[in-house]
Every structure is written in structure tokens, then in C-alpha cells.
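Engineer: Before we start, here is the structure in question, set down as C-alpha cells.
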Amino acid sequence: MEKILAVQSDEYIKLQRCYVELERKYNENIASSGNEESGLTSFVSRLSLTVASLFGKNTYADIYIRSQTRVFPAHKIVLHARSEKWGNDLLSNIQELDWNDLHEDVVLSLLRWIYTDLIDLQHDGLALDLLKAAHRFGLPPLLGLCERALVASVGVRSCIRFYCVAEEVGASTLLEYCSSIISTHWDELTTDDFQHMSGPLLFEMLKTKTKHPLHAAVRLLREDVVSLCIQKYGDSLVNTFSENGLLPLEMALSSKNDKIAQTLVENGMANINAVNMEGFSLLKSALKNGDAFSANFLLDQNCLLDLPSKQSSDTALHIICNYDPDNISEIMEVVKKILQRKLNINIQNIKGETPLHMAIARRNLEMVKLLLKVPNIDINLLTYDEKCALELSLSMEDHEFSIASILLSMGARPNRTKSKTGDSLLQVFALDRHRGEKSAVFLADFADLDHVNFRGLTALHIAALNDMPNLVKKLIVNGASSNLNHIDCGLKSALHIAVEANAIDALEAFVELKNKSHDIDFNCQDINGDSPLSLCLALKRTNLVSIFIRGGSDVNGKNKKNLSPLHQSIKNEDSDISLFLLEQGADITALTV
């Protein structure tokens, strides 16, 4: 569109110059014509040539025109012939006109046209100044020339400036043409384009050019026009959405224009707690975008802090706690200002998460430490999937467990259990295998080590099942019962579980601790009467036999079927194990009955 306008303007300028030049040559020909039938015309033309010859001459001069740097000779009769505003009432008793307020090139071009009808509109600035001068001095022909020239050169970046001048001088053609360009390119116009337009004129334009004049005034950063809109429409527009789904206050804040935002709130009654099209309050929207300016403004206006989002029920504090730890410093002053206010620090979102849960899950340590300093914080609240702050903190990649230690010192409960499984936190991390082993080892200093879940398993059972030797050692050293067996798991001890899982490293840990005088019963029997040694032979886990012998298993112990380990190995046709058992003192004379 811009290219098309440029091409059309070039063509228009060429045609206009041809027209002016043709008119000038025509007048010259008439003036030099000897045709008696055209005597009157010839006289007028000769008179025009005579007047033209007086331009800048002192000949017959009876008045002078003072510019900023020069004094030009002029002739009252010529001036009067051009405009009624230079009539006898004005010129009869003066010898000088003061045009000091006009630029030098404007004065010179104006006088040249007055005397010669010639005009060279070298640039738009000169054409605009001459247009205003033509209006001021009542020179319609010159006004028309300037108007046509400006119509030819107007573009998107200049249309507002031309419109203002056209409205001022009543140049209707230029005004209408500029208006059409403004309508076509409205969304391309910027604040700078409107900077010289008066408030009332811009207000009238906005009423005709847009469905949302207040929003447009805010977009253009015109506080004066915003005030005019509020005076005209009251609060009927201030809390409405634009075609782009934006609120006036939202737009003002995103532009960081404090004055306009203040005007909207104080004079227009803008709702500081309004919810945008995404379902977020203005404060939450600002926080999501890391916009500290907007957040500070809204907080200074005492906006509500606990308003939940429509979809997630997140509050402003939830959003902050979900920040990337690397970016939290950008908005830390806002955080401190929020925490100084009276707010519900324990409010939960649609998932049951408090701000503390979210900060821990996001590994936002700085935010966690700030939250823990807030009075009345409940560190034992559970999310709707039954996760507490302590569990989340132990899931962090914090091998020093600094947050978990703080939580425990503040009264966090280490023995929370899951309603569906009966697992304690210690068991939850033991079930997470080696990913959760360090957390389980840490928690073993605080938790109930012999808690039994719904499957009849203790943490030691689970450590044995998942072959976690470090956790096995920690639990036993801390006092966990290694011989505990529950009916729900078939009276299996942790050793039985280790056999079933073929957990060699865990079994070696049991043997190591057995030899350090810990009370570990290698001969306890499960519901089937099998000792761990008997079970490993029943499962043909013969690689484990030597481990149990080192642990002190009875090579002559019998199961419910009255079979000794030697009987079992013979039934398995395993001569190597049979010989090994004999070497370990197995009774070859033992009977099965």
C-alpha cells in the first residue's frame, strides 16, 4: 500500500508541475500577444508581468516587510490586490509589516508567489508553513496550490501532521485525504505520529476512527485524551476489553505509564482486581510476565492477593513460587512486598498445592526460605495427591538436605503415610530404588523404622527387595528390626525378600552387620516353614548358599516338609551344593521323617 501511494504521489507531482508550467507559459504568451481583440487580456497580462518585475525591487515601494534577518520592499497595491486582509484599513497608515514569526524561506516564497504566481514547494515543511500563511493572510489560490502539493506527498508517517494543519486551516481536500489514510493504516500509527495533535482534536478523531477510544488513547500514551474520555464516558469504558482482549489499565501498565494508570484508577475507577481474558487478575498476569513495574503499581493500590485463577486456582504467591530459580531475583522486591501483607500463606490451588509446595517442587530455594519465615505457615499440609513439603524437599537434588532439615526442625512430620498403600515417607523413598536411597538414608535418622505398610512390609523389607545395601546398613545400625515378619507378607523376613529378589549386595550387607554382633536371625522361617537358606534352595538360587552359611544359617535346619538343606540340594540334583553343605557340617544321617 505504501509503495502504491508513493508511485501515485510521484505521478501527481509531475502532473501538477506540468500544469503550473503550462499556465505560466500561457500567461507569457498572452502578455506578448499583439492581437487587438485581446487588448484587455493583454493589458491584464502586461500588468501581471510588471508586478512580477517589481518583486524584491525598491521601485515604487511604499511598504516594507520585516523577516527574521531581512527587510523586503513591497507595494501596498500588490498586497491589497492579493488579499482583502491587506486592505486600506490596515495598510494606509503603516510603513512596515512584521513577519518575524515566519521562517525566512517562507517569507521569500510567499512574496515571490504574491508578485509572480510562481511557487517552488521544495519540501513538505515549506508547503505546510505556506499553507498556514495562506490561511492567515486570506490567499485561497496559494492555499489550493499548497493543499494539492501536500495531498501528493502525504504518507503514513506524515498523515497525522498534515491532518492537524488541514483541520487548523480548513483545507477540506487535504483533511479528507489524510483521514482516509489514517483509517486505512490506523494500526500502523504510533505514539510519535500523534505527538503534535491537540487533545481535543485527537479525542474527536478517536471517536470516529475506533470503537474503543479510551483504549486507543491509552495505546497512544495520551494522558490528556484519556482524561477527556473519562469526562465524556465516565466509567463505562474503563473496565471493558478492546478488540485485542486488553483492558485500558492493563495496556497502561504494560507501557509502564504510571500517570495514565493512576488516572484510570483514580478518575476512571478502573478495577485493579479485574481478570483478563486469560482468567488471570492483573497482578497475576504481571507476575507471570515478570513485570515488576505493574506488580508494584497494583500492590501500591492495595489489590487483592488471594484471588484464585479460574483454571488452576493459583494465587499471586503460587505464580511467584513457580518462577525459575534463576529469574526470581528480578522480582524479589515484589515478593518481599507481598509477604509483608496479610495474606493466606497456606492457601491451596486446584491440586492442593500451597505456595510452599510449589517453591520446593520448583527447587526455588530462596523463595522457600522466605516462606518459612512467614508466621502461621503450615508445613505439614498435604497436596491432593498426599505429598507434604518434607517429601517434596527430599525429592530435590539437594544432597545436603538443607530444606528438609529446616522443615524437620520446624516440626515437619516424618512418618506421614499414604492412604492407599500405607507407605511411610521412608518407604516411599525406599521404593524409588537408588534414586531415593540418599533421601531414605537421611530420613532414617528421624522416621519410624519398623512401620509396616498394607502389604506387611517394613522399610528394611523394601531396601532388601530393591537391593539397596547402604539403606540396609543404615536401617539396621539405627535400630530397625531385621527379624520382623508380618502375616500380610507371608511371615517373610527381610532376608526372605532378599532371596526372592536375588539381592546379593543387600544380603552381603546383612552378613557384614551380623558379624558385627547385630541381632539378625538367619534361621527365621516364613509361613511355609522355610528359612532363608531353605528358600534359596527351593528357588534354586544356589549362588546365595555360601552367603547364608557365612551369615550363620543352620545347615541342618528343616522346613515344614522336614527337609534339610542337604535333602533339598539332593532333590535338586545339585551335587556341588550337596558337597559344599557336607563340607559345612551338614548331617548326612538326618532323616526326613
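The values are calculated or read from the model by the stated rules, or taken from the named source; none is laboratory data. Because the structure is predicted, anything quoted here is derived from the model rather than measured. Quick reminder, even Gly has a Cβ in these numbers, built from the backbone with ideal geometry, and neighbours come from all protein chains shown.
Engineer: Hey, among L102, L111, L79, L128, which residue is part of a loop (DSSP other than H, G, I, E, B), surrounded by 19 or more Cβ atoms within 10 Å (Cβ to Cβ) and aliphatic (A, V, I, L, M)?
Structural biologist: Matching residue, one of L102, L111, L79, L128: L102.
Engineer: Against the condition outside any loop (DSSP other than H, G, I, E, B) and of a type in the set (S, T, N, Q), how does S313 come out, does it pass?
Structural biologist: no
Engineer: A further question on this structure: Tell me the residue from L460, L471, L425 that is under 30 Å from N364 (Cβ atoms), at pLDDT 95 or above, crowded, with 23+ Cβ neighbours inside 10 Å and over 40 Å from the mean Cα position of the chain (by Cα), please.
Structural biologist: Within the list L460, L471, L425, the selection yields L471.
Engineer: Does segment 347-371 hold any residues that are loosely packed, with under 15 Cβ neighbours inside 10 Å and not charged (D, E, K, R), and which are they?
Structural biologist: Hit for segment 347-371 is I350, nothing else.
Engineer: Hey, any hits in segment 483-503 for a residue that's of a type outside the set (D, E, K, R), more than 27 Å from F454 (Cβ to Cβ) and in a helix (DSSP H, G or I)?
Structural biologist: Within segment 483-503, not a single residue is of a type outside the set (D, E, K, R), more than 27 Å from F454 (Cβ to Cβ) and in a helix (DSSP H, G or I).
Engineer: Go through segment 87-99 and report how many residues are modelled with pLDDT of 95 or more and either aromatic (F, W, Y) or assigned to a helix (DSSP H, G or I) (or both).
Structural biologist: 1
Engineer: Quick one: which of A286, A270 is surrounded by 19 or more Cβ atoms within 10 Å (Cβ to Cβ), closer than 30 Å to Q231 by Cα and more than 18 Å from the chain's Cα centre (by Cα)?
Structural biologist: So the residue among A286, A270 that is surrounded by 19 or more Cβ atoms within 10 Å (Cβ to Cβ), closer than 30 Å to Q231 by Cα and more than 18 Å from the chain's Cα centre (by Cα) is A270.
Engineer: Which of the following residues is modelled with pLDDT of 90 or more, under 18 Å from A509 (Cα atoms) and either over 37 Å from the mean Cα position of the chain (by Cα) or aliphatic (A, V, I, L, M) (or both): A440, A389, A412?
Structural biologist: Of A440, A389, A412, the one residue that is modelled with pLDDT of 90 or more, under 18 Å from A509 (Cα atoms) and either over 37 Å from the mean Cα position of the chain (by Cα) or aliphatic (A, V, I, L, M) (or both) is A440.
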